[in-house]
């Protein structure tokens with residue numbers, strides 16, 4: 001076994017565990033291993049080698065997860081090393097590798113169940129529980145006062161970074177993104193609407209207990225200070241798959257309203273979101289589209305590949321042509 005895994009196993013007392021790699025999605029940031037004991041998954045080991053984040057940022061992620069777990073949020077907790085540290089580092093092929101260990105979230109991805117929810121329970125229960133889990137995280141975030149802080153939204157998403165990242169051949173897209181960024185800067189940033197968010201809250205980052213319907217959230221690797229509405233808008237965009245085969249646009253609107261109303265009912269059972277912010281949902285859907293586009297360009301740079309324009313075609317068209325709601329009703 002590779003020396004880096006031996007180092008990680010020693011640091012987190014995993015010598016008696018079988019470590020199985022998780023097949024990463026395209027452009028994934030980390031190496032991830034499921035740690036099995038007696039055939040049962042118990043932990044997730046994450047190794048980060050990109051070098052674009054500091055130990056302080058990883059420590060801030062761990063601190064947020066610890067706070068959430070200690071206060072009852074449905075999250076996979078972070079586990080300390082044998083040295084009592086939540087973040088460990090060592091050299092791997094001349095690069096600094098950051099290692100973190102997490103409890104294994106009970107249940108499974110809904111995609112691994114063929115997008116079938118638990119037998120005998122309505123999808124509305126799933127939608128409600130998803131909103132409730134996110135609401136619990138946001139409720140606690142509004143009270144969180146960390147020692148180490150994660151980045152702010154505009155630490156990354158600004159005109160200078162976008163201009164350097166996206167080639168000039170996408171000039172029209174860069175202009176559209178710049179206009180949106182100017183609009184985002186006029187949004188309120190008080191503690192009731194802006195705080196530390198997951199920033200990747202979707203069905204790929206939580207497990208569902210198919211016996212109870214309980215949801216356990218993981219992968220806070222991208223957490224940052226942003227508007228709470230971003231996570232809700234991200235949920236909105238990930239809900240369109242349930243109804244995308246409906247040919248009637250008006251019926252898609254009706255179905256999406258029912259989906260999102262159920263999400264909000266679960267969310268509001270934990271914390272509030274104002275009607276004024278909900279009216280800005282299209283603004284935050286555009287914010288999600290920008291994040292997706294930026295991620296595509298970043299992934300290509302990491303992989304040393306050329307971007308396939310089709311990968312961003314739909315999102316770019318919505319931004320440049322001012323088509324709201326990710327074009328889903330067009």
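The values are calculated or read from the model by the stated rules, or taken from the named source; none is laboratory data. All of these numbers come straight from a predicted model, not from anything done at the bench. Cβ sites come from the backbone with ideal geometry, for glycine too, and all protein chains shown count toward neighbours.
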**Study point:** Boolean, residue 81 is in a loop (DSSP other than H, G, I, E, B), in the same structural domain as residue 30 (by TED's automatic domain parsing), over 19 Å from the mean Cα position of the chain (by Cα) and surrounded by 13 or more Cβ atoms within 10 Å (Cβ to Cβ)
**Key:** yes
Review point. Does region 96-107 contain any residue that is at pLDDT below 95 and under 22 Å from residue 14 (Cβ atoms)?
Key: yes
Review point. Inside region 240-330, counting only helices (runs of 4 or more DSSP H) that do not spill past its ends, which hold 3 or more residues that are farther than 17 Å from residue 131 by Cα and over 20 Å from the mean Cα position of the chain (by Cα)?
Key: 249-268, 313-320
Practice item. Identify, from the list 117, 17, 67, the residue that is modelled with pLDDT of 95 or more, farther than 22 Å from residue 201 by Cβ and buried (at least 16 other Cβ atoms within 10 Å of the Cβ). Key: 17
Point to revise | Options 43, 17, 117, 67; residue that is more than 26 Å from residue 292 (Cα to Cα), touching a residue at least 12 places away in the same chain (Cβ under 8 Å) and in the same structural domain as residue 130 (by TED's automatic domain parsing) | key: 117
Exercise for review: Scan region 131-163 for residues that are in contact with a strand residue (DSSP E or B) (Cβ under 6 Å, 6 or more places away or on another chain) and farther than 20 Å from residue 190 by Cβ and jot them down.
Suggested key: 133
Practice item. For region 302-321, indicate whether the set of residues that are surrounded by fewer than 17 Cβ atoms within 10 Å (Cβ to Cβ) and closer than 27 Å to residue 195 by Cβ is non-empty. Key: no
